[in-house]
Amino acid sequence: MPTFRPDLVDIPVYRPGRTPGEVRREYGLESIVKLASNECPYEPFPPVTEAIGRAASAINRYPDNGTREVRSAVAAFLEVSPDQLWFGGGSNELIYVTALAVGGPGTSAVYAAPSFGLYRIATRLAMAEGVEVPLDEDDRHDLDAILAAIRPDTTVVYVCNPNNPTGTHVSAAQVEAFVEAVPERVLVVVDEAYFEFPTAPDFASALPLVADRDNVVVARTFSKAYGLAGLRAGFFIGPAPTLEELRRIQLPFSVSTLAQVAAIEAVKHQDLVQERTSANRRGLEAITAGLATRGIDFADSQTNFVYVRPPMDATGCFEALQRRGIIVRDLGGAIRISVGTEEENRRLLEALDEVLG
């Protein structure tokens, strides 16, 4: 047996939401609704699919390692310089690389809990110590507590806004005050994977803060609102010198040709993005209204999912829904339900009625 790092033995292998095929075979079901992975329930925009088809004949060549065209396209949309963008195979990859670039033995990273599980895993991979700060009583980031948790050895702080898995947010004013108080030697990663979905009037991107400080980066992705989860394209927006340092250890060619082409085309269609996010908001409101009517506790969501504490064992609820062909995410003390199509959302609520009696 090969020798493995003993300090990583307690990190569980990542288990994504179960696939419809797995559930279909296990329970002998014909129709499956997958509401587990915060994916867009609709196919990519038609112009994006067409662009992918045109580019497919070139995949015998390596992709553009400099991601020049996609950085130019996204920079024009965001009104930033192309050298302020860093692309990766999903924002996940960039978080991993960042943890390695700023971490190491004798360092620490601070993040909320529960929040995106990759922060914990990436921190451990970097041989740094994770400092986890509980959410407040409203399932939101406690930014004062996170600030207080920063230590002399802290090199990075992650703020997921809106937060995964709770869907909650902190205001733009709170984020700005927090960033201003963080020592300049500490990198602040504001993870805005769900940036396109919030409707709360006090929410805004942390992007303007990038211009004023060299220790702030903002993470975005094409996996959610743009419906490109299967291609893996994400990016950081930040000061060019900071990004240049971070990308030193990124593996080459990590953003595929098709992912780059799809992102270039997708960013052109903000009208379609708006249609999708508006449909998501209607679906979210339908689900949360149904939960409220049934007296089921849930967190305020500004995303494309809802964090639910069912009035029964959460794992039992997850398994009972799965037996009925509804795949959600089991979080131990809660379940996370992604917003689906109108029909999928209706089936979810009907299945909940059966499960909860």
Unique match (being touching a residue at least 60 places away in the same chain (Cβ under 8 Å) and not assigned by TED's automatic domain parsing to the domain that holds Ala233) among Val33, Val70 | Val33
Hey, does region 96-112 have a residue that's assigned to a helix (DSSP H, G or I), over 18 Å from Ile249 (Cβ atoms) and of a type outside the set (Phe, Trp, Tyr)?
-> no
If you go through region 202-217, how many residues are among the acidic types (Asp, Glu) and touching a residue at least 12 places away in the same chain (Cβ under 8 Å)?
-> 2
Filter result (in a loop (DSSP other than H, G, I, E, B), touching a Lys or Arg at 6+ places or on another chain (Cβ under 7 Å) and surrounded by 20 or more Cβ atoms within 10 Å (Cβ to Cβ)) within region 33-52 | Ala36, Asn38, Cys40
Test each condition in (1) modelled with pLDDT of 95 or more; (2) assigned to a loop (DSSP other than H, G, I, E, B) for Pro2 and report the one that comes out false.
-> (1)
Does region 21-29 include one or more residues that are in the same structural domain as Val328 (by TED's automatic domain parsing), outside any helix (DSSP H, G or I), among the hydrophobic types (A, V, I, L, M, F, W, C) and surrounded by 14 or more Cβ atoms within 10 Å (Cβ to Cβ)?
-> yes
Scanning region 156-191 for residues that are crowded, with 22+ Cβ neighbours inside 10 Å and touching a Ser or Thr at 6+ places or on another chain (Cβ under 6 Å), which turns out farthest from Phe236 (Cα to Cα)?
-> Gly167
Matching residues in region 129-178 (acidic (Asp, Glu) and either in contact (Cβ under 8 Å) with a residue 40 or more places away in the chain or assigned to a loop (DSSP other than H, G, I, E, B) (or both)) number 6
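The values are calculated or read from the model by the stated rules, or taken from the named source; none is laboratory data. Fair warning: this is a prediction, and the values are worked out from it, not measured in the lab. With ideal geometry, Cβ positions are generated from the backbone for all residues, glycine too; neighbour counts draw on all protein chains shown.
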